[in-house]
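Please read the structure below before turning to the comments.
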Amino acid sequence: MLIRTGIQVISGLSIMVLLLSACSNQRDETESKVSSELENAIHTVHAESAGSKVIEPHQGVNQKPSPIVLEREGTDVTIKMTAQITDIEIEEGYMYRAWTFNGEAPGPLVVVEEGDTIHFTLQNKDPAIPHSMDFHAVQTAPDKSFTNVAPNETGTFTYQATKPGVFMYHCGTAPMLAHIANGMHGVIIVQPTGGYPTDNEVDREYVIVQNEWYKYNDLEDMTNGEPSQVVFSAKALHKGQINTNGTVTAIKDSPLLAKPGERVRIYINNAGPNEVSSFHVVGAIFDDVYLDGNPNNHLEGLQTVMLPVSGGAIVEFIVKEEGVYPFVTHQMNHAAKGAVGYIRVNADWDDGGKISQGH
């Protein structure tokens, strides 16, 4: 299966000219030129570090990332995760003492199947603050199954994933905005029984998450301010794929890969916490789109997919030629703050990351 310089406002016409001018018959020149011109066109706004100080119990705390535990026995899936305090490098030289799941922000990817019963355990390694888990993929009474787990305690909850899709998960502890904006969010994919109609056509698939960062642990800025960074992360769906945190330039420095003529599937989710996403791949048209990742919500021929906060989608498209295909949120002020990634298309890539037919 598949950032303290000001923001330079750019017009749609100018970026179009820059992108068109990047076209070249020489692959290496094309990639270099596109990268250079995009960097000139979409200036990175550097991290805004002013804001609240690290709370006293978190001083000196930087807990090592820990792997998620996901084990299956029939339709019973055991998932064990941690809530913890871990430094995340939002951009080069700026570390954010994030509130995380398993030391990642966004948190680790969770993949289950439609009809699975999830037995979820959250170990709260935060020494001071309770945390919880709100899976958008399940239907349950929040006051029973999304309850707080106290510091240094463990909680276990059971529920069923009955609807397929690309769902957000996040900490639901009050104030919820602070927990999500400080890093406690991620994606859970529920694969549909019988798969998607286009499964056998897809060559490569990737998972992308969009999120925003604000002044460090500043609830006032998170509530009333503008994000200082808007970023994309890649979460590894298949062995050998990149797995990144919410870091500016991460998927430009380590782009997604494909070969000419391949059909690419992207599972995309907008974790917010406040801003919509207008997801667009430059140089491509989405042949098939499944809104919220549900196979019944099928659209064709879209240029851009609008994602509300927590909203997800699956988009599929063919990369016809060698070159660099940027993907952005077409909220261009947010692209200027970091929400840009690359897909590099090259006939000479090895097949690492290519999915097997039949998924």
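The values are calculated or read from the model by the stated rules, or taken from the named source; none is laboratory data. For clarity, every value in this text was computed on a predicted model and none was experimentally measured. Cβ: placed from backbone, ideal geometry, glycine included. Neighbour counts: every protein chain shown.
When the residues of the stretch 296-321 are filtered to those that are among the polar types (S, T, N, Q) and within 21 Å of GLY194 (Cα to Cα), which remaining residue is surrounded by the fewest Cβ atoms within 10 Å (Cβ to Cβ)?
Quick first cut of the stretch 296-321, residues among the polar types (S, T, N, Q) only: 296-297, 303-304, 310.
Those still in the list that are within 21 Å of GLY194 (Cα to Cα) too: 296-297.
Numbers: ASN296: 11, ASN297: 13.
The extreme case among them is ASN296.
Going by the conditions given, is PHE286 at pLDDT 95 or above, surrounded by fewer than 23 Cβ atoms within 10 Å (Cβ to Cβ), within 29 Å of ASP350 (Cβ to Cβ) and hydrophobic (A, V, I, L, M, F, W, C)?
Criteria met by PHE286.
With GLY293, GLY246, GLY240 as the choices, which residue is within 22 Å of PRO67 (Cα to Cα) and crowded, with 21+ Cβ neighbours inside 10 Å? Don't jump to the end; show me each part of the working.
Details: GLY293 fails: within 22 Å of PRO67 (Cα to Cα); GLY240 fails: crowded, with 21+ Cβ neighbours inside 10 Å.
Result of the check over GLY293, GLY246, GLY240: GLY246.
Would you tally the residues in the stretch 140-161 being among the polar types (S, T, N, Q) and within 23 Å of the chain's Cα centre (by Cα)? Spell out the reasoning first.
First, pick out the residues of the stretch 140-161 that are among the polar types (S, T, N, Q): 140, 145, 147-148, 152, 154, 156, 158, 160.
Of the ones still in play, those that are also within 23 Å of the chain's Cα centre (by Cα) are none.
Number satisfying all stated conditions: 0.
Every residue, every condition in (1) closer than 19 Å to HIS170 by Cα; (2) basic (Lys, Arg); (3) modelled with pLDDT of 95 or more, yes or no:
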site: TYR206; (1), (2), (3): no, no, yes
site: VAL209; (1), (2), (3): yes, no, yes
site: TYR216; (1), (2), (3): yes, no, no
site: ASP221; (1), (2), (3): no, no, yes
site: PRO227; (1), (2), (3): yes, no, yes
site: SER233; (1), (2), (3): yes, no, yes
site: ASN243; (1), (2), (3): yes, no, yes
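Residue by residue, here is whether (1) surrounded by fewer than 19 Cβ atoms within 10 Å (Cβ to Cβ); (2) of a type outside the set (Phe, Trp, Tyr); (3) modelled with pLDDT under 95; (4) farther than 20 Å from VAL54 by Cα holds:
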site: HIS170; (1), (2), (3), (4): no, yes, no, yes
site: GLY183; (1), (2), (3), (4): no, yes, no, no
site: VAL190; (1), (2), (3), (4): no, yes, no, yes
site: GLU201; (1), (2), (3), (4): yes, yes, no, yes
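Conditions (1) surrounded by 15 or more Cβ atoms within 10 Å (Cβ to Cβ); (2) at pLDDT below 95; (3) on the phi > 0 side of the Ramachandran plot; (4) of a type in the set (Ser, Thr, Tyr), marked per residue:
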site	(1), (2), (3), (4)
PHE327	yes, no, no, no
MET332	yes, no, no, no
ALA336	yes, no, no, no
ALA339	yes, no, no, no
GLY353	yes, yes, yes, no
SER356	no, yes, no, yes
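Considering each residue of the stretch 217-237, count those that are surrounded by 17 or more Cβ atoms within 10 Å (Cβ to Cβ) and farther than 21 Å from ASP87 by Cα, and give that number.
1
Of everything in the stretch 250-270, what is among the charged types (D, E, K, R) and part of a strand (DSSP E or B)? Give them in sequence order. Outline the logic, then answer.
Pass one, the stretch 250-270, residues among the charged types (D, E, K, R): 252-253, 259, 262-263, 265.
ARG263, ARG265 - these are the residues of the stretch 250-270 that are among the charged types (D, E, K, R) and part of a strand (DSSP E or B).
How many residues does the stretch 149-183 contain that are under 16 Å from ILE79 (Cβ atoms) and assigned to a loop (DSSP other than H, G, I, E, B)?
Taking the stretch 149-183 first, the residues under 16 Å from ILE79 (Cβ atoms) are 149, 154-161, 167-171.
Okay, now just the ones that are also assigned to a loop (DSSP other than H, G, I, E, B), so 161, 171.
Residues flagged as under 16 Å from ILE79 (Cβ atoms) and assigned to a loop (DSSP other than H, G, I, E, B) within the stretch 149-183 amount to 2.
Could you please find all residues in the stretch 119-137 being polar (S, T, N, Q) and outside any strand (DSSP E or B)? Step through it out loud before you land on a result.
In the first step, residues of the stretch 119-137 are kept if they are polar (S, T, N, Q); the result is 121, 123-124, 132.
Within the stretch 119-137, just SER132 meets the criteria.
Consider only pairs whose beta carbons are under 8 Å apart and that are at least six residues apart or on different chains; among these, list those whose first residue lies in the stretch 275-288 and is in the same structural domain as GLU226 (by TED's automatic domain parsing) and whose second residue is modelled with pLDDT under 95 and surrounded by fewer than 19 Cβ atoms within 10 Å (Cβ to Cβ).
Correct list of pairs: VAL282/LEU19; GLY283/LEU19.
Residues checked against (1) among the aliphatic types (A, V, I, L, M); (2) part of a loop (DSSP other than H, G, I, E, B); (3) modelled with pLDDT of 80 or more; (4) surrounded by 14 or more Cβ atoms within 10 Å (Cβ to Cβ):
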residue	(1), (2), (3), (4)
ASN25	no, yes, no, no
THR30	no, no, no, yes
SER35	no, no, no, yes
VAL61	yes, yes, yes, yes
